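Everything below concerns the one structure shown next.
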There are 2 protein chains.
Amino acid sequence: MARIVMKFGGTSVADLDRIRNVAARVKREVDAGNEVAVVVSAMAGVTNTLVKYCQDLSPLHDAREYDAVVATGEQVTSGLTAIALQSIGVDARSWQGWQIPLSTDGAHGKARIEGIAGDELIRRMQGGQVPVVAGFQGVGPDNRVTTLGRGGSDTSAVALAAALKADRCDIYTDVDGVYTTDPRIVARARKLAKIAYEEMLELASVGAKVLQTRSVELAMKERVRVQVLSSFEGGNLLGSDLPGTLVVDEDEIVEKELVAGIAYSRDEAKVTVRRVPDRPGIAAAIFGPLSAAAINVDMIVQNVSADGTTDLTFTVGKTDLPRAEQTLAQHKSEIGYEMLLTEKEVAKISVVGVGMRSHAGVASTMFRTLADRGINIEVISTSEIKVSVLVGAEYTELAVRALHTAYGLDAA
Amino acid sequence: MARIVMKFGGTSVADLDRIRNVAARVKREVDAGNEVAVVVSAMAGVTNTLVKYCQDLSPLHDAREYDAVVATGEQVTSGLTAIALQSIGVDARSWQGWQIPLSTDGAHGKARIEGIAGDELIRRMQGGQVPVVAGFQGVGPDNRVTTLGRGGSDTSAVALAAALKADRCDIYTDVDGVYTTDPRIVARARKLAKIAYEEMLELASVGAKVLQTRSVELAMKERVRVQVLSSFEGGNLLGSDLPGTLVVDEDEIVEKELVAGIAYSRDEAKVTVRRVPDRPGIAAAIFGPLSAAAINVDMIVQNVSADGTTDLTFTVGKTDLPRAEQTLAQHKSEIGYEMLLTEKEVAKISVVGVGMRSHAGVASTMFRTLADRGINIEVISTSEIKVSVLVGAEYTELAVRALHTAYGLDAA
């Protein structure tokens, strides 16, 4: 017997038939003697429709009203899923964020969870009832509905699993696990049985869209065992019990691979600030205004100085590029640069693995592999368990495939 | 300066353009110096879709989950209307039933309002903010969402007007007021400037679908001045300030008409229980089981007894007819009747007016008028301010037109 939180995304509850399938999947866990809580997203497409309503009425709409509107998507599926469960003999009831309560801060539209009152839910689970919790939403300090930002239902599920002291948090999604890389690019990509929190976090933050980054951070902090698995296995909805990928503590992974996976992202753009005076405080002069404008800067490289000036190159999210250019132009006199160059046709390729900590040579293998293919590296950034490079976007597939082979990740 | 509750039904908020028009209409009242609270229904069609989801998943679904699902329709429009108001410079915020709180009993799906905490809303209205309240919904004793039954937003609005001590409750609907009869049947029907609560109540309960019966009962009890007016006047959405019909205390109506209006309903069916023993307790034997099955019986007539048996005729809602037949068949031995006859092709025609209290002859005028047209009266029932007759459904228009003329209601 285990206590399990099962989370179903929008495609898993896209229509009534799929909701019935979700109920059947939940019933299987209940019948196996487990205590189960369910977290559901909105039916696929519903959130987008509601968001569009708000945007069409007013591009600068009140985030508190936006939250009241869009949180209804999850309210609907929580009620419908409870009805579907009851109709097959499973005791169930829906819970909205404010009813639990699932308390958040007041940052409407991207609120952070501050606490979940789990005792009543645990009591009911022990009595055989399945709580069906509306994902993505909570209640703020002023008793108004908040939402956690897109993909926030993953975070709801992990936070709930922590509050309920669950043995596992199963995230049902439209992929059947975490792969060594995107199988659409590398046919021989392998599904990982286990991956460490740190690796998953790096993969999530560099473009693998399996789990929301914040949900992985939270799982790592709270030591929640997360399983990523498919709602649509073997052509049947939730038909099999094939295991997905477990996201766990590094210590649980006995056979550590040097590299767990290769990720790529085409969501960034490169900015080069040409010929800025090479003096102390110049980085602050550039990145201070960007930070004040809430523009996240990712990779940064500063060239060697020549004749008292230098070039600074960095990446920002592609959607932030126009604002970044505008912000830097406004501060041109303080910064004192000669010109701005921008480039959108770039891709960030990342190699991730906790094994790097104890093995040298991962980065040099990457650089050599790319050099052998004639791929120029424009920017490099590294962390303890990750090496990322920026290359021309047209080399994305070539680079990912070459690295997948070079690190021995190809399936037999 | 007045304090006004403005209620907008589903067709008035059916899409974003109409919501913008609602906001403009509200702004006009605010600009005129009034304190305004708004009550909104779900966008037209949304509630039906949500109800269908619940029914498709399980015909016998949990009413608590049904309420959680269908109450979202009003939540969406309350948020969107608040955004639309803000976008034209009107301070506004949405309120869900649980946030106010608007407390109800626990009769999910048809809950009754038990109290509304109005002080905070009044304080905000005095500060210039417009509360936009989600109609139709409240919160039950167990902190779960409740709904008030179809058309319940009218009741929300009237109850809110009472709690806020509003000077007026304006109900915007798809007709521009209360008419002496259905203008689709009688071209010369007249819009009434004022109508008494009692008359409106009788009209609502006999088929005039302008206001939900419970909202009129509540308005009468709480002495809330209700104005029925159109969202779509002069071809323009909310374009004019043409007055609608005021529903007020009888004393406010100076020139009382003998008859305020003629209503009709084709929603009832006639049941005749033939040859039941004419003994004490026979009515209880028939109507007890029907009441236990929650079947409302309306008109009742008992024939003169002959050879120790009698016939009982009554009407029930057409949708209840199959259950009524089944219930009576199950109790045939206790009741001891010979046969059941049912007839669905009937219409109830009602003449309503507080003037009847002081003037005799209203009923006899009705009977003579119908007799002159060769219309047979099958059942008669009367109240202090109403006379209703059951006739063959094919005579509906003829009867309504003849009575409209007979009571001098035709427009000049």
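The values are calculated or read from the model by the stated rules, or taken from the named source; none is laboratory data. As the structure is a computational prediction, the values presented were derived from the model and not from experiment. For neighbour counting, all protein chains shown are included, and Cβ atoms are generated from backbone atoms with ideal geometry for every residue, glycine included. Keep in mind that these areas ignore ligands, DNA and RNA; they rest on the heavy atoms of the full protein, side chains included. Shrake-Rupley method; radii C 1.70, N 1.55, O 1.52, S 1.80 Å.
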Problem set entry | Subset of segment B:79-92 [touching a strand residue (DSSP E or B) at 6+ places or on another chain (Cβ under 9 Å) and facing chain A (nearest Cβ under 7 Å)] | B:Gly79, B:Leu80, B:Ala82, B:Ile83, B:Ala84, B:Gln86
Problem set entry | Flag for A:Ile100 being free of Cβ contacts under 8 Å to residues at least 60 places away in the same chain and either within 14 Å of another protein chain (Cβ to nearest Cβ) or surrounded by 23 or more Cβ atoms within 10 Å (Cβ to Cβ) (or both) | yes
For this session: Mind listing whichever residues of segment B:332-357 are among the small types (Gly, Ala, Ser), over 16 Å from B:Ile262 (Cβ atoms) and in contact with a helix residue (DSSP H, G or I) (Cβ under 9 Å, 6 or more places away or on another chain)?
Result: B:Gly336
Exercise. Of (1) in contact (Cβ under 8 Å) with a residue 12 or more places away in the chain; (2) on the phi < 0 side of the Ramachandran plot, B:Glu114 satisfies all except one. Which?
Worked result: (1)
Exercise. Among the listed residues A:Arg93, A:Arg124, which satisfies the condition of being buried (at least 19 other Cβ atoms within 10 Å of the Cβ) and of a type in the set (D, E, K, R)?
Worked result: A:Arg93
Seminar exercise, completed: Restricted to segment B:5-51 and to residues being open to solvent by 10 Å² or more (accessible area, probe 1.4 Å) and assigned to a strand (DSSP E or B), the residue nearest to B:Asp167 (Cα to Cα) is B:Glu35
Problem set entry | Subset of segment B:107-120 (residues that are more than 14 Å from chain A (Cβ to nearest Cβ) and more than 19 Å from B:Ser215 (Cα to Cα)) | B:Asp119
Exercise. So which pairs qualify, if the first residue must be in segment A:393-406 and assigned by TED's automatic domain parsing to the domain that holds A:Ile262, the second must be surrounded by fewer than 19 Cβ atoms within 10 Å (Cβ to Cβ) and part of a helix (DSSP H, G or I), the Cβ gap must be under 7 Å, and the two must be at least 6 apart or on different chains?
Worked result: A:Ala402/A:Thr369; A:Leu403/A:Thr369; A:Ala406/A:Thr365; A:Ala406/A:Thr369
Exercise. Has segment B:157-166 got at least one residue that is more than 21 Å from B:Arg225 (Cα to Cα) and not aromatic (Phe, Trp, Tyr)?
Worked result: no
For this session: Check whether at least one residue in segment B:279-294 is in a strand (DSSP E or B) and crowded, with 17+ Cβ neighbours inside 10 Å, and report yes or no.
Result: no
For this session: Would you please list the contacts, defined by Cβ atoms under 9 Å and residues six or more apart or on different chains, that run from a residue in segment B:144-164 that is open to solvent by less than 10 Å² (accessible area, probe 1.4 Å) to a residue that is part of a helix (DSSP H, G or I) and of a type in the set (Phe, Trp, Tyr)?
Result: B:Thr147/B:Tyr66
Problem set entry | Which listed residue is small (Gly, Ala, Ser), surrounded by fewer than 23 Cβ atoms within 10 Å (Cβ to Cβ) and more than 15 Å from A:Ile262 (Cα to Cα), from A:Ala187, A:Ala193 | A:Ala193
Exercise. Taking A:Ala2, is it surrounded by fewer than 16 Cβ atoms within 10 Å (Cβ to Cβ), more than 13 Å from chain B (Cβ to nearest Cβ) and in contact with an Asp or Glu (Cβ under 9 Å, 6 or more places away or on another chain)?
Worked result: yes
Exercise. Hey, does segment B:69-90 have a residue that's assigned to a helix (DSSP H, G or I) and farther than 24 Å from A:His61 by Cβ?
Worked result: yes
For this session: Collect the residues in segment B:27-69 that are aliphatic (A, V, I, L, M), touching a strand residue (DSSP E or B) at 6+ places or on another chain (Cβ under 6 Å) and more than 9 Å from chain A (Cβ to nearest Cβ), keeping them in residue-number order.
Result: B:Val30, B:Val36, B:Ala37, B:Val38, B:Val39, B:Val40
Exercise. Can you tell me how many residues in segment A:219-235 are modelled with pLDDT of 90 or more and in a loop (DSSP other than H, G, I, E, B)?
Worked result: 3
Problem set entry | Unique residue being open to solvent by 20 Å² or more (accessible area, probe 1.4 Å), touching a helix residue (DSSP H, G or I) at 6+ places or on another chain (Cβ under 6 Å) and small (Gly, Ala, Ser) when the list is B:Ala360, B:Ala411, B:Ala406, B:Ala402 | B:Ala406
